[in-house]
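**Q** One structure, pasted below without further comment.
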Amino acid sequence: MNVSTSWAPDHIKIAGIRGIGGVWGIDTLDGMGSSQMIAEWGYPDIGVVVCDMPSAGHDAVMLDYSQCGPQGEPSVVYIDEDRSVKPVAPTFAAFLGALQECSLFP
């Protein structure tokens, strides 16, 4: 991260990346899907929650479609516990390329 978060001054921890379907997928309708998480946790309605966080809902990583629209390529943002939106990567590919092993951080 290029900005400080409630998690740490230079990084966030991701517990997992969500798939499309299934019990933990972003389109799941049983209360665990992205739209349900946005409604329950008060995340900004800018896109899709794509990562599970160790905080269990207090923060999130989302694909942000607010600038590109539904047909464009979204950026990746971090939603902090105060619901501020902080940039993570310009694309999902850049986000994946920047992931690092947790053991590198104290």
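The values are calculated or read from the model by the stated rules, or taken from the named source; none is laboratory data. Since this is a predicted model, take the numbers as computed values, not measurements. Here the Cβ positions follow ideal geometry from the backbone for every residue, glycine too, while neighbour counts run over all protein chains shown. The area values use the complete protein model at the heavy-atom level, side chains included, leaving out ligands, DNA and RNA. Shrake-Rupley method; radii C 1.70, N 1.55, O 1.52, S 1.80 Å.
**Q** Report every pair of residues separated by at least 6 positions or lying on different chains whose Cβ atoms are under 6 Å apart, first residue within segment 87-100 and under 15 Å from CYS51 (Cα atoms), second open to solvent by 70 Å² or more (accessible area, probe 1.4 Å) and at pLDDT 95 or above.
**A** THR91/GLU73
**Q** Which of the residues spanning segment 62-85 are open to solvent by less than 40 Å² (accessible area, probe 1.4 Å) and either closer than 22 Å to GLU40 by Cα or not in a loop (DSSP other than H, G, I, E, B) (or both)?
**A** MET62, LEU63, ASP64, SER75, VAL76, VAL77, TYR78, ILE79, ASP80, SER84 - these are the residues of segment 62-85 that are open to solvent by less than 40 Å² (accessible area, probe 1.4 Å) and either closer than 22 Å to GLU40 by Cα or not in a loop (DSSP other than H, G, I, E, B) (or both).
**Q** Does PRO44 satisfy the condition of being at pLDDT 90 or above, part of a loop (DSSP other than H, G, I, E, B) and either closer than 27 Å to PRO106 by Cα or open to solvent by less than 70 Å² (accessible area, probe 1.4 Å) (or both)?
**A** Answer is yes for this residue.
**Q** Can you tell me how many residues in segment 1-27 are closer than 22 Å to LEU96 by Cβ, in a loop (DSSP other than H, G, I, E, B) and out of contact with any helix residue (DSSP H, G or I) (no Cβ under 8 Å at 6 or more places or on another chain)?
**A** Looking only at that region, the number is 17.
**Q** Just the residues that are touching a Phe, Trp or Tyr at 6+ places or on another chain (Cβ under 9 Å) and open to solvent by 20 Å² or more (accessible area, probe 1.4 Å), please, taken from segment 86-106.
**A** LYS86, PRO87, VAL88
**Q** With GLY25, GLY69, GLY47 as the choices, which residue is more than 20 Å from ASN2 (Cα to Cα), touching a Phe, Trp or Tyr at 6+ places or on another chain (Cβ under 8 Å) and not acidic (Asp, Glu)?
**A** Exactly one of GLY25, GLY69, GLY47 is more than 20 Å from ASN2 (Cα to Cα), touching a Phe, Trp or Tyr at 6+ places or on another chain (Cβ under 8 Å) and not acidic (Asp, Glu), namely GLY47.
**Q** Exactly one of these conditions fails for TRP7: (1) at pLDDT below 90; (2) open to solvent by less than 80 Å² (accessible area, probe 1.4 Å); (3) of a type in the set (Phe, Trp, Tyr). Give me its number.
**A** In the conditions (1) at pLDDT below 90; (2) open to solvent by less than 80 Å² (accessible area, probe 1.4 Å); (3) of a type in the set (Phe, Trp, Tyr), TRP7 misses (2) alone.
**Q** Something else: For SER55, work out the one condition from (1) open to solvent by less than 60 Å² (accessible area, probe 1.4 Å); (2) assigned to a loop (DSSP other than H, G, I, E, B); (3) at pLDDT 95 or above it doesn't fulfil.
**A** Only one criterion is unmet by SER55, namely (3).
**Q** When segment 18-41 is examined, which residues are found to be open to solvent by less than 70 Å² (accessible area, probe 1.4 Å), over 20 Å from ALA89 (Cα atoms) and of a type in the set (S, T, N, Q)?
**A** Across segment 18-41, the qualifying residues are THR28, GLN36.
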